[in-house]
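Below is one structure; the comments refer to it alone.
The values are calculated or read from the model by the stated rules, or taken from the named source; none is laboratory data. Fair warning: this is a prediction, and the values are worked out from it, not measured in the lab. Reconstructed Cβ throughout: ideal geometry from the backbone, glycine too, with neighbour counts over all protein chains shown. Just the protein is used for accessible areas: all its heavy atoms, side chains included, with ligands, DNA and RNA removed. Shrake-Rupley method; radii C 1.70, N 1.55, O 1.52, S 1.80 Å.
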Amino acid sequence: MTPTGDRPDGPADPVAVPVPDHVVLARRFGTPAYVYDLDEVARSLRELRSSLPTGTRVYYSLKANPLPALVAALVTAGCHTEITSSGELDVALAAGADPAHCLYTGPGKTTDALGHCLDRGVRFFSVESGTDLRRLDTVAAGRGVAVDCLVRVNGAAAGGSGLRMTGTASQFGVDLADVPALLETAARCRAVTVRGAHFFPITNAATEDALVAELCGSIRTAAWLRERGLPLEVLDIGGGFAAPYARPGPPAGYPKLADALTAELDERVAGWRDGDPRLAVETGRYLVGTSGTLLTTVLDVKESHGRRFAVLDAGINHLGGLSGLRRLLPTSAQPVQAVAKEADDVGVDLAGPLCTPLDMLGHGLALPGISPGDVLAIPNVGAYGLSASLLGFLSHPVPTEVVVAGGRVVSASRIELRREHVPVVD
Ligand SMILES: *Cc1c(COP(=O)(O)O)cnc(C)c1O
């Protein structure tokens, strides 16, 4: 085993190279620690923009990672923000986002959250149902403000060239057949105007072809709905852009996407080149996924019934709380400093420190000679890492989040979970 970043046995793996040296960061900030590289975020954004038709609006989905420094970097680079709670709005605004450039999405928006956002200048919402639309209208009209909305469409599944009329059952969006009724509701609204369609049919598409099929399918659906009365000033085709999670590798490349979307848009919504409709996409994972690495220290190594377990100082409280959704496996971890070199073919299972057998971060990893005190790096956990995990479970300290840019540390911070007393009224 050689130190990370010096691996004669395989192709150069940029995400495995410590930037700056993970050994130094682990010593300086302790573990567990998340390290995010803003240069990698900028690279991902450039790559995404080059894969899309010129002028496409890019929304950063804060759900993937609401760390203020990451949000600020993306806002500064010209991303708009896609938010799903008042907390995400507050982060976006603190990061310098223009509330007029925030899109509020998601099912189950509360009156309080809508009011919070309206009071801070948000005027653009995705509506998921008639109830969602009426609630937004009531709250906006009560404040005397006019707002715009997109209708989130539960579109037909992609495939073939024809439009299939049946999507799958979902809590998201409005079924195609129900869009006309929603437009009737919208016509009676006092404060809300429908401006277009919002799609988000898949996430983390397995292949470029699958992504192209979904996004082109959404364009066809939108054009079909426009012929049936849906206004289409904005066409948000969502995303599905893929990035590796907790294993090495670069974000997916999309060499064919821009041409495929351009051809579909030219055919279905010819005015798009003049901004009618204006094209938008949303992604969290693609922009920040490869920017983050989790550094964790091995606390114990033990054998049990022929298997080897390494117990780490990070578990599902810090990474992979979404693993129940099968987003985690397979995991990869690499030592950030040289460890013993003896040949050893026993795979190592990585366990977290929590008192539940579910606290596993990986199985059967090749980590020969692993021993207590070693620091491991789990790559590509910039999206759906810390904030998507079980932070409160077992009350361990929350990892420090270290942000680097240009090879230098630019910030370090830690989320604090704190109990606040609420007045008790009899
Ligand atoms: C989760 C979500 C996203 C971001 O998904 P990624 O896989 O991170 O790109 C974008 N839009 C909506 C509506 C979402 O629910």
- Single match in Asp13, Asp39, Asp21 (criterion: modelled with pLDDT under 50, surrounded by fewer than 19 Cβ atoms within 10 Å (Cβ to Cβ) and more than 17 Å from Arg285 (Cβ to Cβ)): Asp13
- Message: Restricting to the range 70-116, count the residues that are surrounded by fewer than 18 Cβ atoms within 10 Å (Cβ to Cβ), part of a loop (DSSP other than H, G, I, E, B) and at negative phi.
- Response: 4
- Note on the structure: Filter the range 187-208 for residues that are within 16 Å of the ligand (Cβ to nearest atom) and open to solvent by less than 20 Å² (accessible area, probe 1.4 Å); the one that is nearest to Arg143 (Cα to Cα) is Gly196
- Query: Which one is farthest from the chain's Cα centre (by Cα) among residues in the range 113-155 that are over 22 Å from Ala92 (Cα atoms) and of a type in the set (S, T, N, Q)?
  - Reply: Thr138
- Query: Got at least one residue in the range 171-192 being in a strand (DSSP E or B), more than 26 Å from the chain's Cα centre (by Cα) and modelled with pLDDT of 95 or more?
  - Reply: yes
- Query: Taking into account only those residues within the range 405-423 that are β-branched (Val, Ile, Thr) and open to solvent by less than 100 Å² (accessible area, probe 1.4 Å), which is nearest to Leu390 (Cα to Cα)?
  - Reply: Ile415
- When (1) away from the ligand (no atom under 12 Å from the Cβ); (2) modelled with pLDDT of 95 or more are applied to Pro248, the one that fails is (2)
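Go through the range 210-227 and count every residue that is β-branched (Val, Ile, Thr) and open to solvent by 10 Å² or more (accessible area, probe 1.4 Å).
Counting residues in the range 210-227 that are β-branched (Val, Ile, Thr) and open to solvent by 10 Å² or more (accessible area, probe 1.4 Å) gives 1.
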- Message: So the check is Cβ under 7 Å with 6+ separation or different chains; which pairs have a first residue in the range 31-54 that's free of Cβ contacts under 8 Å to residues at least 24 places away in the same chain and a second one that's surrounded by 17 or more Cβ atoms within 10 Å (Cβ to Cβ) and of a type outside the set (D, E, K, R)?
- Response: Arg49/Val58
- Task: Restrict the check to the range 228-245 and report whether at least one residue is in a helix (DSSP H, G or I), modelled with pLDDT of 95 or more and open to solvent by less than 40 Å² (accessible area, probe 1.4 Å).
- Result: no
- Message: Given the condition among the small types (Gly, Ala, Ser), open to solvent by 60 Å² or more (accessible area, probe 1.4 Å) and touching a residue at least 12 places away in the same chain (Cβ under 8 Å), answer yes or no: does some residue in the range 164-177 qualify?
- Response: yes
- Just give me the residues in the range 251-302 being within 15 Å of the ligand (Cβ to nearest atom), charged (D, E, K, R) and open to solvent by 10 Å² or more (accessible area, probe 1.4 Å), in sequence order. Arg285
- Message: Is it the case, given these coordinates, that Ala64 is free of Cβ contacts under 8 Å to residues at least 40 places away in the same chain and either within 16 Å of the ligand (Cβ to nearest atom) or hydrophobic (A, V, I, L, M, F, W, C) (or both)?
- Response: no
